[in-house]
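The structure under discussion appears below in the form of structure tokens.
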Amino acid sequence: AMLDPDSGLSLTIARIVQRLKGSSLHSQLERQARVSLHKPEIKLESLKEDIKDFLKTSGWEKKLQNAVYSELNVFPSPCHPAAPPEHMKEPLAYMRKAQGSWEKRILKSLNSMCTELSIPLAQKRPASEQKELLNKWNEMGTDEPDLSLFRPVYAPKDFLEVLMNLRNPNYENGEQPSFRNHLGLIQVPLKVKDIPELKEDFSELGLNTGQLGIDDSAQVPPEFFENEHVRVGQKVLAEQDSAAAQQYVRQGCPTALRADLWALILNISNQPEDILYYEQLKSNVIQHDLLVDSLIYKDVKLTASNDDYYFVFEDYLYQVLLCFSRDTSVLEHFTYSSATPPKSYIRGKLGIEEYAVFYPPNGVIPFHGFSMYVAPLCFLYHEPSKLYQIFREMYVRFFFRLHSISSHPSGIVSLCLLFETLLQTHLPQLFYHLREIGAQPLRISFKWMVRAFSGYLATDQLLLLWDRILGYNSLEILAVLAAAVFAFRAVNLMEVTSLAAAEAVLADLSTLKVMPLLQIFLFATVT
């Protein structure tokens with residue numbers, strides 16, 4: 001149910017006011033306003049206007065604008081007041097149901113591991129162990145515990161099987177007029193964009209716009225564009241305006257400015273209270289041992305530790321991921337995620353709500369490859385609490401959508417469908433050939449999209465891709481890039497005769513250049 005614009009707007013305003021009231025920004029603004037009362041330029045007869053002017057000139061108004069902008073970017077527009085709250089999580093009942101049964105499977109897997117290994121979900125660490133962990137906090141990677149008995153709770157390919165079995169119960173046996181000709185693995189009718197719509201959405205990636213990540217654009221000599229772009233970027237940073245920064249990064253971030261621009265877009269300023277909060281999470285890790293700690297440890301060992309780019313960041317990854325699992329502020333994103341945080345009951349109190357706790361405390365059970373969401377950020381941020389906040393914000397804005405079942409345009413189901421539709425429409429011969437030999441393209445590209453290409457592209461290229469995720473506040477570009485990779489390797493793929501051979505052609509993406517691939521696919525494909 002859509003609202004008329006006016007009541008929608010007033011609901012949005014009410015929600016933002018409500019949310020900002022409890023924030024530290026609110027108390028800082030109050031404090032600043034009180035301080036300003038002692039200033040000579042503030043007159044009693046024009047008090048309200050004078051304080052407003054003071055907040056404007058002292059930069060506090062900008063901070064407030066950025067906070068509001070951040071809220072608008074993260075939270076969906078309000079549903080109709082009469083709509084049940086689960087509609088904000090996911091409007092389609094069959095999607096909610098599928099997500100629910102997938103969660104049950106994950107929990108079952110986690111609980112059976114507990115039982116098999118006779119390890120509790122959580123226990124207090126003995127004092128000696130606490131001390132030891134504190135001492136080696138910055139070199140946890142040197143530890144080699146035996147994790148052979150632990151296995152990832154699930155891997156992307158298990159998740160893909162679930163998505164392939166999704167059906168809309170309203171259409172019995174595939175009788176969906178427009179959808180009957182979709183021959184991919186995803187069999188649910190969601191609306192996805194076609195190339196003309198994508199061209200319009202991603203117009204800044206067009207052939208006539210300067211881009212970082214394109215070496216030989218005919219229009220503008222690259223060094224001229226780069227110098228000018230850096231100058232504009234510095235101005236955007238000086239202005240401290242999140243919305244301007246978001247628009248700016250659509251053309252790519254200069255390497256030297258990227259960390260600051262991303263922080264500005266995500267509205268992360270690493271205040272003393274944020275650093276304190278991070279320290280509290282850390283002390284929670286030191287005091288309590290969770291089963292997910294071993295899963296995190298194993299995941300880092302299986303993925304980032306073997307990666308040529310990321311193995312040096314192993315210790316950062318443990319710190320960030322262990323703290324993340326303890327962070328109850330992450331629970332808030334479940335109001336607009338189709339997922340629900342798992343509950344665990346205190347021993348002997350199964351099913352009694354007042355004895356239920358969320359497990360892990362942040363409600364997120366890591367899966368195989370989860371640590372790769374953090375790894376690229378380690379190139380940009382070297383201060384643990386800042387790195388942590390950036391990752392947490394990236395997760396609650398974007399990454400959670402890559403491992404939950406929903407109908408959201410940036411959700412993994414829509415991305416899979418967009419990828420398959422782009423291939424089937426624009427490279428039909430390739431699509432049919434791969435399908436015939438049992439090498440459905442999505443079986444190969446799914447893991448790229450679930451990880452937002454982390455660990456598959458060279459880091460400089462990955463950061464150029466993530467610039468655009470932030471710039472467009474959307475993950476759709478992942479599906480476009482996945483299709484573009486197939487288009488780029490089409491000639492070789494037409495010759496393969498098995499899934500293994502197709503996988504071999506696409507095994508190494510580390511030499512690919514993201515921006516030319518996207519441009520050619522979107523703007524040079526004949527539609």
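The values are calculated or read from the model by the stated rules, or taken from the named source; none is laboratory data. Please read these numbers as outputs of a predicted model, since none were measured by experiment. Neighbour counts are summed over all protein chains in view; Cβ atoms, including those assigned to glycine, are modelled from backbone coordinates with ideal geometry. When the accessible area is computed, the model is the full protein with side chains, heavy atoms only, and any ligands, DNA or RNA have been set aside. Shrake-Rupley method; radii C 1.70, N 1.55, O 1.52, S 1.80 Å.
Structural remarks
- The rule of thumb for compact globular proteins, 2.2 N^0.38 Å, goes into the C-alpha radius of gyration of the chain 1.03 times.
- Each peptide in 238-247, 473-482 was scored by the mean count of other Cβ atoms within 10 Å over its residues; highest first, the order is 473-482, 238-247.
- Spin-label model distance (nm) - Phe311 vs Ile437, 7 Å beyond Cα toward Cβ: 3.3 nm
- Around Lys43: net Lys/Arg minus Asp/Glu count, Cβ-Cβ under 12 Å: -3
- Pro254 sits among other residues whose Cβ lies under 13 Å from its own Cβ, and their net charge, with Lys and Arg +1 and Asp and Glu -1, is -3.
- Cut-off under 5 Å, modelled amide H: who pairs with Asp289 long-range: Gln123, Lys124, Arg125
- Near-label residues of the range 350-388 by backbone N, under 20 Å of a point 7 Å along Cα→Cβ of Arg19: 362-364
- Computed as a quarter of the hull surface, the mean projected area of the alpha carbon convex hull for the range 479-527 stands at 3.8 nm².
- Estimated FRET transfer efficiency when R0 is 22 angstrom, pair Leu147-Ala504 (beta carbons, to 0.05): 0.15
- Placing a pseudo-label 7 Å from each Cα along the Cα-to-Cβ vector at Tyr355 and Leu207 gives an inter-label distance of 6.9 nm.
- Solvent-accessible area per residue, Å², over the chain with all protein chains present [probe radius 1.4 Å]: 47 Å²
- Directionally averaged shadow of the range 458-505, computed from the convex hull of its alpha-carbon atoms, nm²: 3.9 nm²
- Calculated from backbone phi, Karplus (6.51, -1.76, 1.60) coupling profile of the range 283-297 in Hz, x at Gly/Pro: 5, 5, 4, 5, 7, 10, 9, 10, 4, 4, 4, 5, 5, 5, 4
- Phi to ³J(HN,Hα) by Karplus 6.51 cos²θ - 1.76 cosθ + 1.60 over the range 15-22, Hz, x for Gly, Pro: 5, 5, 4, 4, 6, 6, 4, x
- Using only Cα coordinates, the Kirkwood hydrodynamic radius of the range 5-82 works out to 14.2 Å.
- For the residue pairs Lys191/Lys513; Lys62/Lys191; Lys21/Lys191, the C-alpha atoms sit more than 32 angstrom apart in Lys62/Lys191; Lys21/Lys191.
- Stretchable slack from Arg231 to Lys48, in nm (0.36 nm times residue separation minus alpha-carbon distance): 62.2 nm
- Measuring r between the beta carbons of Arg167 and Lys39 and using R0 = 60 Å, the FRET efficiency lands at 0.35.
- What you get for the range 5-82, charging only the Cβ of Lys and Arg (+1) and of Asp and Glu (-1), is a dipole of about 260 debye around the Cα centre.
- Annotation: amide H of Asp327 within the under-5 Å range of Asn362, sequence separation 5 or more or interchain, hydrogens built in the peptide plane.
- Rg/Rh, computed from the Cα trace of the range 263-368 with Rh as the Kirkwood radius, has the value 1.01.
- In this rough spin-label picture, where each label sits 7 Å from Cα along the Cβ direction, the Thr497-Gln32 distance is 7.0 nm.
- In the range 34-118, Rg over Rh equals 1.38, where Rg is the alpha-carbon radius of gyration and Rh the Kirkwood radius from pairwise Cα distances.
- A viscosity of 1.002 mPa s and a temperature of 20 °C, combined with the Kirkwood radius over C-alpha pairs in the Stokes-Einstein formula, give the range 386-527 a diffusion coefficient of 138 µm²/s.
- By the helix-only formula, in which each DSSP H run with n ≥ 4 contributes -39500 (n - 2.57) and the sum is divided by residues, the chain has a 222 nm mean residue ellipticity of -16500 deg cm²/dmol.
- A Förster distance of 35 Å, applied to the separation of the beta-carbon atoms of Glu197 and Arg105, puts the FRET efficiency at 0.50.
- Backbone HN-Hα couplings from phi across the range 472-488 [Karplus 6.51/-1.76/1.60, Hz, Gly and Pro as x]: 9, 6, 7, 9, 4, 4, 5, 5, 5, 5, 4, 5, 5, 5, 5, 4, 5
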